[in-house]
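Heads up: the structure comes next, in structure tokens.
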Amino acid sequence: MATHDAALLAALGGGAWVSGADLARARGISRAAVSKQVAALRRQGFTIEAAPRRGYRLVGAPDRPLPALLQPLLQTRRFGRELRALERVGSTNDEAAAWARAGAPEGALVLAETQEHGRGRVGRRWHSPPGENLYLSLVLRPPRPPHELPPLTLAAGLAVFDVCAARGLRPELKWPNDVLLGGKKVAGVLTEMSSEAERVLHVVIGLGLNVNGTKFPAELRERATSLRLASGPGAPPLGRAALLCDLLLRLEARYHEFLDRGPAAVVAAFRERWAGRGRAVRVQAGDAVLRGVAQDVDDGGALLVARGGAIERVLSGEVLRWD
Ligand code: BT5
């Protein structure tokens, strides 16, 4: 279906009138089939005019990362080539995990316009209003043991960092899974894994990126931002389809770096951009809260915190405060 949509959109792409007969002939389908596909595109939000003897004309496309809009922009080899784009879902991570259990290939992507139960870590919520942001989950099947995987979370943050920097913004990476703009969170990553003994069955990388949202609920107002808000007053909305394709391309490149050169290569790229070194931090690690000074991120992706002359290694945890 998406392929048909993309082909029809490509034929109408110039914005000129194209006759139904030409559209049908060029693609070896009937005029009735063309008219059905036009109706399907209209249902997705495309504005297509039709006039007797002139045919069809595309006059407007929705700002949505729809498969038909992604297809011509996507430059990845595998990421996003298998795609489920949903209007609404509980959590894209749950949907991707179910798909992975049913055999989804590496790079399969679940996208949603809104999530009813978008999840952060440890049972927290991810605010997921419709129509303005990106909520996505990617299925990966890395041939690596589970303990080598933490840098994959860093890889996702890195891809977001580079997407922001390429648009003239000045992002910060907060270990392990946050990207900040102007000190506020613009993106979060939730990596979940299914494994059997030392074998990884699948990994789901979930990513929420605030793109065009300008209003947040009271509890997030001081802590959250979007690319659009961070671009300054009056900045226009960003095209989500192009942004997503850029993000997937960067993430795929990082993933190949992880596979070909090893997890430490990804960590090295993270370290170069990481804004935490030398900061006084409070870190939640399991039930304990550590206070100290962030020193570094080691090759396994763990945070090193200097504390009373010793160095503590925190592999999974959260920086509660950094000053
Ligand atoms: C995260 O958790 O940052 C991981 C968020 C991952 C969300 C994606 S969306 C697609 C995929 N499907 C899912 O169900 N999840 C993933 P954590 O570090 O625990 O941060 C959660 C905290 O971030 C919340 O407690 C809020 O304080 C804050 N928060 C919630 N929604 C936010 C938003 N839209 N923007 C910025 N901050 C938010």
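The values are calculated or read from the model by the stated rules, or taken from the named source; none is laboratory data. Treat the numbers as computed from the prediction; the structure is a model and nothing was measured. Cβ placement follows ideal geometry from the backbone for every residue including glycine, while neighbour counts extend to all protein chains displayed. Only protein heavy atoms, including side chains, enter the accessible area calculation; ligands, DNA and RNA are left aside. Shrake-Rupley method; radii C 1.70, N 1.55, O 1.52, S 1.80 Å.
Here are some notes:
- Efficiency of FRET from Cβ geometry, Asp22 and Ala235, R₀ 30 Å, rounded to 0.05: 0.15
- Estimated distance in nm for a label pair at Arg121 and Ala11, the labels positioned 7 Å out from Cα along Cα-to-Cβ: 5.0 nm
- Dipole magnitude for region 120-200: computed about the Cα centre from +1 point charges on Lys and Arg Cβ and -1 point charges on Asp and Glu Cβ, it is near 240 debye.
- Restricting attention to the chain, the count of lysine pairs at 8 or more positions apart or across chains with alpha carbons under 16 Å apart stands at 4.
- Accessible area in square angstrom per residue, the chain, 1.4 angstrom probe: 47 Å²
- Check: the chain dipole with +1 on Lys, Arg Cβ and -1 on Asp, Glu Cβ, in debye: 920 debye
- Estimated inter-spin distance, Gln44 and Arg101, nm [label 7 Å along Cα→Cβ]: 3.0 nm
- Filtered trypsin sites (Lys or Arg not before Pro), region 33-102: DSSP coil and at most 13 other beta carbons within 10 Å: Arg53, Arg54, Arg77
- The portion of the accessible surface of the chain made up by carbon and sulfur, rounded to a whole percent, is 50 (1.4 Å probe; DNA, RNA and ligands excluded).
- Global geometry of region 72-171, whether rounded, prolate or oblate, following the gyration tensor of its Cα atoms and the 1.5 cut on a/c: rounded
- Candidates Val267, Val160, Val59, ranked by Gaussian network fluctuation over the chain, Cα under 10 Å, top entry: Val59
- Relative contact order of the chain, defined on C-alpha pairs under 8 angstrom at six or more residues apart (%): 14 percent
- Across region 16-174, the relative contact order, built from alpha-carbon pairs under 8 Å that are at least six residues apart, equals 15 percent.
- With a simple spin-label model that places each label point 7 Å from the Cα along the Cα-to-Cβ direction, the separation between Arg167 and Ala253 comes to 1.7 nm.
- Glu113 sits with roughly 10 Å² accessible to a 1.4 Å probe, with DNA, RNA and ligands left out of the calculation.
- Only Lys, Arg (+1) and Asp, Glu (-1) charged, at Cβ; region 237-323 dipole about Cα centre in debye: 320 debye
- Within the listed set Ala265, Ala97, Ala187, the residue fluctuating most in the Gaussian network model of the chain (springs between alpha-carbon atoms under 10 angstrom) is Ala265.
- For the pair Arg261 and Asp63, the difference between a 0.36 nm per residue extended length and the Cα-Cα distance amounts to 67.6 nm.
- The chain shape via C-alpha gyration tensor axes, a/c threshold 1.5: prolate
- Relative contact order of region 1-99, pairs being alpha-carbon contacts under 8 Å that are 6 or more residues apart, as %: 28 percent
- Placing unit charges on each Cβ (+1 for Lys and Arg, -1 for Asp and Glu) gives the chain a dipole about its Cα centre, and among Pro233, Leu83, Ala294 the Cα reaching farthest toward its positive end belongs to Pro233.
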